[in-house]
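Undergrad: Below you'll find the structure I mean.
The values are calculated or read from the model by the stated rules, or taken from the named source; none is laboratory data. Keep in mind it's a predicted model, so treat the numbers as computed, not measured. No Cβ is skipped: glycine too gets one built from the backbone with ideal geometry, and neighbour counts run over all protein chains shown.
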Amino acid sequence: MNKHELIKGENRTRVYLSASYMGNDIVIHIYNENAHIGAIALGEYDNEHKRVSVSVITRLGHKEETAAQKTAYSISKHTKRPVCVIAGIHVDNITKGEIDQILENVDSLIDEFISQIGK
């Protein structure tokens, strides 16, 4: 399967994961209905040392680095492939509880994606 589209959550905490391939590499988008580029993370698996390195770039004033970094790390570790994650989630007047729920939904999307590609 060359493209994956997953959804988790409801209302203000609904997030989407879209995945596609560029050759052997994986490009992931994590977003909500207010999609944009907030943070970019690149995960690279080091076969020699059996570990993942992740680099993150965050746009000024944006807070998506946690979601981008964790997604790139987890998927690169599992697939042993380069993974580029573009994350853009915006919710006006977001609460701490909504942030926690969004991050939980992102974790769930990562697990679901890994499960799907493992088949």
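Undergrad: Filter region 1-47 for residues that are touching a helix residue (DSSP H, G or I) at 6+ places or on another chain (Cβ under 8 Å) and modelled with pLDDT under 95 and give the result.
TA: Met1, His4
Undergrad: Additional query: Among strands (runs of 3 or more DSSP E) lying entirely in region 1-112, which contain 1 or more residues that are among the polar types (S, T, N, Q)? Can you show your working first?
TA: Details: elements: 3-8, 15-22, 25-31, 39-46, 51-58, 83-88.
Per the criteria, 15-22, 51-58.
Undergrad: Here is a check on your reading of the model: is Ser53 in contact with a Phe, Trp or Tyr (Cβ under 9 Å, 6 or more places away or on another chain), on the phi < 0 side of the Ramachandran plot and without any contact (Cβ under 8 Å) to a residue 12 or more places away in the chain?
TA: Numbers: in contact with a Phe, Trp or Tyr (Cβ under 9 Å, 6 or more places away or on another chain): yes; on the phi < 0 side of the Ramachandran plot: yes; without any contact (Cβ under 8 Å) to a residue 12 or more places away in the chain: yes.
Taking the combined requirement at face value, the residue satisfies it.
Undergrad: Output the number of residues of region 17-50 satisfying the condition of being free of Cβ contacts under 8 Å to residues at least 40 places away in the same chain and surrounded by 11 or more Cβ atoms within 10 Å (Cβ to Cβ).
TA: 7
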